[in-house]
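Heads up: the structure comes next, in structure tokens.
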Amino acid sequence: MVSSGVSQKAIFAGANKQAQVADYKNDQKVVAFGAGKNIALWNPLAKDRKGIYSTLKKHSKEITGIKFVPNSPFLVSVAEDTEINVWKEDENGEYSLAQTLNEHTSSITCLAVVNSRVFVTGSADGFVALWAFNENNGNNVVLVRKFEVKFNFLPTALAIEQIDSEGDYLLAIGGTSPNLFVYTFTLSSTNELQNFTLSASLTGHEDWIRCLQFVVEEKHKNYILASGSQDRYIRLWRLKLNDLIDDSDEDESKLILLSNKQYKFSIGESSRGAISFEALIMGHDDWVTGLQWHPSYKTNSTERKLQLLSSSADTALMVWEMDQESGIWVCVNRLGEMSIKGASTATGASGGFWSCLWFEDPETKTQYILANGKTGSFRVYRSVDEEAKTFEAVFGITGPVKEVTDLVWSRNGEYFTSTSLDQTSRLFAPWTENREYKTWHEFARPQIHGYDMICIDNITDSKYVSGGDEKVLRVFEITNSIGQLLKKLCNIEVASDTEQLPESASLPVLGLSNKAANEQLEAGEAAQQQQDAEENNEVTEAKEDVLATLTSPPLEDYLQRYTLFPEIEKLYGHGYELTCCATSPNGSLIASACKSNSAKHAIIRVFNARKEYQQSQQVLEGHNLTITSLEFSPDGKYLLAVSRDRQFSLWSVTDENEAKFELVELNTKAHSRIIWDCSWAPSNEFGQFFVTGSRDKQVKLWQVGSKVELVASSKLAEAVTSVSIYKAGLFDSKLILSIGLESGSISLFSVDLSKEERSIQHLTTFDDKITPSDRISKLSFSNKLHDGGKNLLLAVGSNDTSVRLYSIEKDSLV
């Protein structure tokens, strides 16, 4: 069956940390960027502010470059998997794969496009490849030339420009050398390459070159090439053609400065060019990562000043223009953040911005500047005046940048929180206040950790427990400011089990534990620390005011600084890295497990939340290898564990107050391969049921009675990596079950519990266009119906670094 009744409500994914990872298409108002190994499509000018609306999947490794081909329906993407994929847009604005090119043998590092005929790629194999669209053969792309610049040189930046209508081109190549290499060539109408020559090797930079950008300055009938380097400088080079070339330097009696040296060369058979150093731009404190010339700089206009945007690893975006009197290029606008003192690429920091875009809304003439950074989010700045002298921060994209490992819905089913190997947990909720559209956004980043995040579960409405890639569980409590924000913008009430929620939290400079802003200092601390804390309290009061005044979901700056949850407890006991955790329905018990290759550590530890998170004296033993998933039954009477040892264990809770358990069954023949996940059915009149999903490609339904019995099973096409049952109730005596597979495929199944012979019936498979491109790590149904009781919501975390939310029509399940 096709995915009838299933629609995609939201996609959250961060951008890759690459210099050429994003591009903008003017006529479609679309930004395409690399999100993991997917191409994400986003309309930053859309009124509904939905964010990513589609993803394209073909690459098998991280995408390193994306470019729209001008004046054509094509999009080119390159990645670490050595593939060059050419995508074609149809009449509906949807892209499909047109061609895959496999000429390179190593990760592709750079990409440049000039027109609808030519593009060029550079790879870590040391080769640069020149490609052309073959218009006579269905727009197929053909290889024109593949070459090495020099031995042991890897290209990192490319720029190509057509310098006349006859097919003469200029190609600039920067890489693992301070020199900038300039090639000239002619491409005939039949894609025959002629006069391919290394015309100049430009010196001046002191480190690798990271970015290159051409612009045509029609006023002087010149071309200007901007180059940005790891030496923190931007250099401008002017290219003059034919009659504009100054030949006075050929007079031997005239003193020529080194900086004024002209590199002269022939272009094609009849033209000649000369390129010389024009200007040095200084101002950045770290690597220059991206350059963009002004988007609406008109070649025939003398009114518009020529401006250059630069992004840097120092977290700054700068707009430069030449001062008319002195001729010096000066910064006229600075956006971004203040850089952290001492943090730079030299000290191992990978912060700052990795690329930038600059474009103009053709209808309103409003300018937009985009930049993506370490957290994967896009910062978006919009001009607020006609001359674009002032910019304001507006909505961008946020999302994980590494594999998503777990996610859990709030107990009221209104919002959910995810964890990821990017060392963050993120809270997503629907923005509903006074809006025509209901869209989902990231409202908080409760935990920014020093370890990869692995698992999460709710203790109460206001508290949750999470485990990172360490041996410690940590308990967090929502802040009053976030609770008020959810109430104000999402109409979500967060019930608190404590008298007063902390106002806000901050992360100490040297530590992993978020501290509540109103937490009292411990006795005996130094006076200086007390003074620092008082200053921090002043800052946190301002933080609270910032969130209280928000009328829209927080932007990336706020998410990082003001939306942390304070940590209230650490739970110790495990000997190795945590793998999973689960809490009982009333929040009194917390069960957890860790990695293990022996029975000694393949145990479940239980903590009693009602007794100050005291660890139970009883350790639940029986498994031989890592326990992969834990879940309490909806009535809190049972705890289920599944493991890499192909077994499941079922425990009954004999004394909740003392956290005592009794083994009901240890099934040694549950599956023939690793059991990845399990899920309990809701309480019902037909009995208690749970499902298990395994690498043996099977899903099995079990009933709990005097003993555990297998009542139904289903074989799928590939390994089952996650399962989730809708917990709010049955649909006409039917369980609704979602199953995620290793390839990213998602399907819905039902089981009619009223029948004596129960079977797992396939309902629908999600359309391949809307599913993730990699292993499903977690499926989770909201425990309530949404949109006026019409739809189920399914949240999905995947190894393709995305969090996705699907809406399923209730009527399509009956």
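The values are calculated or read from the model by the stated rules, or taken from the named source; none is laboratory data. The structure displayed is predicted, hence computed values, not measured ones. Positions of Cβ are generated from backbone atoms using ideal geometry, with glycine treated the same way; all protein chains shown enter the neighbour counts.
Structure notes:
- Strands (runs of 3 or more DSSP E) contained in the stretch 98-190 and holding at least 2 residues in contact with a Ser or Thr (Cβ under 8 Å, 6 or more places away or on another chain) and outside the structural domain of residue 21 (by TED's automatic domain parsing): 155-162, 168-175, 177-187
- Exactly one residue out of 808, 770 is surrounded by 18 or more Cβ atoms within 10 Å (Cβ to Cβ) and in contact with a strand residue (DSSP E or B) (Cβ under 8 Å, 6 or more places away or on another chain): that is 808.
- Residue, farthest from residue 51 (Cα to Cα), within the stretch 425-456, restricted to residues that are part of a loop (DSSP other than H, G, I, E, B) and charged (D, E, K, R): 452
- Test: residue 34 is out of contact with any Leu (no Cβ under 7 Å at 6 or more places or on another chain) and at pLDDT 95 or above: yes
- Check on residue 472, surrounded by 22 or more Cβ atoms within 10 Å (Cβ to Cβ) and either assigned by TED's automatic domain parsing to the domain that holds residue 779 or touching a residue at least 24 places away in the same chain (Cβ under 8 Å) (or both): no
- Residue check, residue 742 within 23 Å of residue 406 (Cβ to Cβ), crowded, with 16+ Cβ neighbours inside 10 Å and in the same structural domain as residue 760 (by TED's automatic domain parsing): yes
- So residue 807, is it at pLDDT 90 or above and out of contact with any Ser or Thr (no Cβ under 7 Å at 6 or more places or on another chain): no
- Residues being over 24 Å from the mean Cα position of the chain (by Cα) and of a type outside the set (S, T, N, Q) - total across the stretch 740-786: 15
- The residue of the stretch 674-686 that is surrounded by the most Cβ atoms within 10 Å (Cβ to Cβ), among those that are modelled with pLDDT under 95 and over 18 Å from residue 585 (Cβ atoms), is 686.
- None of 697, 727 is surrounded by 18 or more Cβ atoms within 10 Å (Cβ to Cβ), modelled with pLDDT of 95 or more and either under 25 Å from residue 803 (Cβ atoms) or in contact with a Lys or Arg (Cβ under 7 Å, 6 or more places away or on another chain) (or both) except 697.
- Here is the figure for the stretch 277-314: residues that are of a type in the set (Ser, Thr, Tyr) and modelled with pLDDT under 90 total 5.
- Pick from the stretch 605-624, criterion within 37 Å of the chain's Cα centre (by Cα) and hydrophobic (A, V, I, L, M, F, W, C), ranking: farthest from residue 644 (Cα to Cα): 609
- Condition broken by residue 176, with the remaining ones in (1) touching a residue at least 60 places away in the same chain (Cβ under 8 Å); (2) out of contact with any Gly (no Cβ under 7 Å at 6 or more places or on another chain) satisfied: (1)
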